[in-house]
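Engineer: Handing you a structure now.
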Amino acid sequence: MDQEAKRELVERALKEGLIHDPSWQHRLEEPMPAWAVLELVLHLLERLDPPGIGYD
């Protein structure tokens, strides 16, 4: 994946609120720590199935 595509992914993730640290825009080639991946996944799960909102 080219640098521009990676930059666009990070910008979209920031805009959508999936990540909150804009410094990822400057660290596109660095591996993401496991805790950051877990935080992202948990945040996504909360958005898909918000706590406290039932289906009844």
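What follows draws every value from the coordinates through simple rules; no lab data is involved. The structure displayed is predicted, hence computed values, not measured ones. Cβ placement follows ideal geometry from the backbone for every residue including glycine, while neighbour counts extend to all protein chains displayed.
Engineer: Quick check on region 22-33: of everything there that is surrounded by 11 or more Cβ atoms within 10 Å (Cβ to Cβ) and in contact with a Lys or Arg (Cβ under 9 Å, 6 or more places away or on another chain), which residue is nearest to Arg47 (Cα to Cα)?
Structural biologist: The residue in question is Gln25.
Engineer: Among the residues of region 14-39, how many are hydrophobic (A, V, I, L, M, F, W, C) and either in contact (Cβ under 8 Å) with a residue 24 or more places away in the chain or outside any helix (DSSP H, G or I) (or both)?
Structural biologist: Residues in region 14-39 being hydrophobic (A, V, I, L, M, F, W, C) and either in contact (Cβ under 8 Å) with a residue 24 or more places away in the chain or outside any helix (DSSP H, G or I) (or both): 4 in total.
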